[in-house]
1. Between 11, 40, 15, which is within 15 Å of residue 118 (Cβ to Cβ), without any contact (Cβ under 8 Å) to a residue 40 or more places away in the chain and of a type outside the set (Lys, Arg)?
2. Tell me, please, whether a residue that is touching a residue at least 40 places away in the same chain (Cβ under 8 Å) and surrounded by 12 or more Cβ atoms within 10 Å (Cβ to Cβ) can be found in region 86-104.
3. Do we have any residue at all in region 8-21 that's aliphatic (A, V, I, L, M) and over 13 Å from the mean Cα position of the chain (by Cα)?
4. Can you tell me which residue within region 10-59, out of those that are closer than 17 Å to residue 125 by Cβ and assigned to a helix (DSSP H, G or I), is most open to solvent (accessible area, probe 1.4 Å)?
5. From (1) in contact (Cβ under 8 Å) with a residue 12 or more places away in the chain; (2) open to solvent by 50 Å² or more (accessible area, probe 1.4 Å); (3) not polar (S, T, N, Q), pick out the condition that doesn't hold for residue 74.
6. Read through the list (1) open to solvent by less than 50 Å² (accessible area, probe 1.4 Å); (2) out of contact with any strand residue (DSSP E or B) (no Cβ under 8 Å at 6 or more places or on another chain); (3) within 25 Å of residue 121 (Cα to Cα); (4) assigned to a helix (DSSP H, G or I), then give the number of the only condition that residue 67 fails.
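The values are calculated or read from the model by the stated rules, or taken from the named source; none is laboratory data. If you're wondering where the values come from, they're calculated on a predicted model, not measured in any experiment. Cβ placement follows ideal geometry from the backbone for every residue including glycine, while neighbour counts extend to all protein chains displayed. Heads up: the accessible areas ignore ligands, DNA and RNA and are worked out on the full protein's heavy atoms, side chains in. Shrake-Rupley method; radii C 1.70, N 1.55, O 1.52, S 1.80 Å.
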Amino acid sequence: LRMERHCANAAKVAAWLSTHPRVAKVNFPGLPSHPDHALAGKLFGGLYGGNVSFEIRDGGREEVFRFINALRMVVPATSLGDVHTMVLYPAISSHRDLAPKTRQRLGIGDNLVRLSVGLEDFADIQEDIAQALATP
């Protein structure tokens, strides 16, 4: 039940973020636009996981830090999952040992944010992310 909720919430977050004007790109295999969507559907039976990453449009480290610091409910963490929605900045955490050019080549730019979507009500997750994206 927990994984079903993670996956359902992540799918909703990914779909919503893919329409947000402050978001340049969303990485989530549950989106039909993802290059591995069909394969992921076969392998995972419709449960695409709880992790979503996205790029803040025209952003860099400063904009990512502003976004993360504006979050009220979503927890900054270096973990991949918990019952709470968490945010991670790959450029300084999970991929910090890679050279900037290597990160860029792998699609891990300075504007990339990763979410591990939790079990909270989707509307609460969406509201928190929306207000943080709106922070100037």
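1. Selected residue: 11, the only one of 11, 40, 15 that is within 15 Å of residue 118 (Cβ to Cβ), without any contact (Cβ under 8 Å) to a residue 40 or more places away in the chain and of a type outside the set (Lys, Arg).
2. no
3. Within region 8-21 (the criterion being aliphatic (A, V, I, L, M) and over 13 Å from the mean Cα position of the chain (by Cα)), the answer is yes, since at least one residue qualifies.
4. Here the residue is 12.
5. Against the list (1) in contact (Cβ under 8 Å) with a residue 12 or more places away in the chain; (2) open to solvent by 50 Å² or more (accessible area, probe 1.4 Å); (3) not polar (S, T, N, Q), residue 74 comes up short only on (2).
6. (2) is the only condition that residue 67 fails.
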